[in-house]
Each structure stands twice: as structure tokens, then as C-alpha cells.
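The structure appears below as C-alpha cells.
Just so you know, all these numbers are worked out from the coordinates, no wet-lab data involved. All figures in this text were calculated on a predicted structure; none of them were measured in a lab. Ideal geometry is used to build each Cβ from the backbone, glycine not excepted, and the neighbour counts take in all protein chains shown.
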Amino acid sequence: MSVARTAAVVMALAAIVFLAGCGADPAFTSGKVYLQQENYENAIEQFEIAIRNDAKAWEPHMWLGRAYADTEELQMAHDEFFIALDLAPDQKAIDTIDNTIIFYWQEHQQEGNLLNSASKFQDAVLEFEKAILIDPRKPDAYANLGYSYHMAMDYDKAIEAFEMALEVAPDNEDLLTNLVSVYDSKAGNLAVLGDLESALVYYEKIESIAPETNDIQYNIAEAHYGLKNYRAAIVAYERSLIDDEDEYVLYRVFLCYWGISKEFEDDGVPELAIPELESALKPLERLAELNPEDLSTHRALARVYNKLGRTEEAMLELGIIEELLRQD
């Protein structure tokens, strides 16, 4: 909210003291006087009397909400504000109540933003939670709460905050971007800890909501590779290839086919390994084109050719290896 907007709200609230009325109920009038004097106990008592005097009056509920908000009884403030909204007879009354809610919501929102700027993220969390307690309809507080949790590396709570924000504003692209960022942080942290299955869950969440995210297919492939899900890893690695010039990915694809062939051999069906070894040749041959002096590529080619019984080609690779070693 701009400074001008905040000032306007404050002025509007000041005007309420003089303009808002509730018939000629002396309890309501006394409550407003006590509230201006910061005598909250008596103010609350008088507003409650005014509510008992007229169960359908919206103003005592709004003013009681103010008294609770001023004393940090925020859940009770929320309840009274929204009872007032339910009782509001017209748009003017609704606007008055909404401006009151905005005033208190903005106090905590602004304090949270200041604490975020000072890198006091845990303290900021408390302020944004207060803002949400006062008015859960606004996505900004959820978004800022999510940012605070993210920076404090509490990824689960950050995810929860951004997901709640998206429930309020499902078409907000900034919220979606922030949620993807937290998913990525959570997945990366899980991967470092060795929990690749859980990491994969979050990478796949990113894929489902933002499939164009940079490196998402690569990250999915790496998780599958670590879990020895070689087929799934191959699919993801190949999707991650913008062209056939990523040497690391090409070598990983070869390793996946090699791993599958080893599984068939270990299971006693070596004939099923042959197609996998033949598929392994394609990324290796491309690697040899890209970097003809790479010893590891030629060694891998020699091994695959040997496995396939292509002795002449294997010998040719051994000759290339010897020549490269002589040059060194």
C-alpha cells in the first residue's frame, strides 16, 4: 500500500469516530470514548453491551474488533470484523469495515516487510501470520510469509504458504514462480541428503505446474539415474537435450543403456542386453565427434564394441587410445 493510501485509511478511520453511530445507544458511545482513551477493558465491555442491545447492528462489532486488534487479540478481532461484514446493510458500511481491516492488516504487513529487509525472517514470519489472522483474503501476506520461510530454509512451511496464496489468487504468476523456487530448494536439499525418491516428487511437481522451468528435465533425469531408474532417466535426459552437444548428458545416456544391459546380464538373459548396448553406441559416437581426443569416450566405445563382438571396431578404438596416450 502506498504512503498516500495508508494516510487516507488513517484519516478515514479517524472520521469514523465522529461519523459512525449506532442510534442513541450510550454503551456504544461510551465504548468509542474509552477506545480513544486506550482504556481497552472498559471499551470492550461497552461494545459487548451495545451488541447485546442490538444484535443486528454492525458498528459495535467493528469497533469491538478494533479494540481487540489494538490489544493483539487478533483472532477475536478477525471474528468481530467479519461478523460486522455479514451484518453490513450496504456498500458504504462494507467499505468502512474493509478500510478498518486494511488498516490493521497493513500495520503487520509493513512491519513484516521491514523485518524481511533486515533479514530477520523469523520475526517477519510472526508479523505476516498476524496479517493473515486479521484478513486471510489477501494473497500478499501469504506470499511474504512464504518468502520469509524460504529464506529461513523452512521449506515445508514456505510451500504451505505459497500454496495457500495460490488458493486465494490462482492466476498469480509471481506466486507460481515463488512456489516453483521453493519446490526446487526443497528437492535440492533432499537430493543432497540422499533422499532421491522424495526429491523426485518435488521435481515432478515442478514439471506438472511449470514444465518450461530451466533444468527441470535434467534434475528429474539425475534423480532417476541415482535411483537406477534407467529407462525413466533416459527419457528425461533426452528431453533435457536442447541439441546433441551436451557432453555430460550424452555420457549419462550411455551409462543408462550400459546399466540396463548389465541388469539383463545379471538376470541371466544376455541376449536382451544386445539392443541396449547398440543403443549405447549412439551417444558415444556423438561424443567422439564432439571431442575426438577424449580418452574416456574411446575406452567406453571399445568396451561396448567388445561386448557386441565387433572386434575390429574395438581394436580400432584401442589404437586411437594408444595414439592419444603417445601424444600426451
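What the table shows:
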| quantity | calculated |
| --- | --- |
| Equivalent ellipsoid semi-axes - Cα gyration tensor, segment 242-328, angstrom | 23, 17, 9 |
| On Cα atoms only, tilt of 173-192 relative to the major axis of the chain in degrees | 50 |
| Percentage, to the nearest whole number, of Cα pairs in the chain over 27 Å apart | 62 |
| Net dipole in debye of the chain [+1 Lys, Arg Cβ; -1 Asp, Glu Cβ; about Cα centre; nearest 20] | 580 |
| The chain: angle of helix 230-240 to the longest principal axis, Cα-based, in degrees nearest 10 | 70 |
| Which of 52, 299 has the fewest Cβ neighbours within 10 Å, and the rest in rising order | 52, 299 |
| Pairs of lysine residues in the chain - Cα separation under 26 Å, sequence separation of 8 or more or cross-chain | 26 |
| Formal net charge of residues neighbouring residue 157 (Cβ-Cβ distance under 14 Å; K, R +1; D, E -1) | -4 |
| Ranked list, fewest to most other Cβ atoms within 10 Å of each Cβ, for 102, 274 | 274, 102 |
| Of 306, 172, 99, the one that fluctuates the most in a GNM where the chain has Cα springs shorter than 10 Å | 306 |
| Relative contact order of segment 86-218, pairs being alpha-carbon contacts under 8 Å that are 6 or more residues apart, as % | 14 |
| Label-to-label distance, nm, for residues given as residue 33 and residue 313 (7 Å Cα→Cβ offset) | 10.0 |
| Residue exposure sequence - 153, 62 - by fewest surrounding Cβ within 10 Å | 153, 62 |
| The chain: relative contact order as a whole-number percent, Cα under 8 Å and 6+ apart | 7 |
| Helix axis angle, 273-290 relative to the chain longest principal axis, alpha carbon, degrees | 80 |
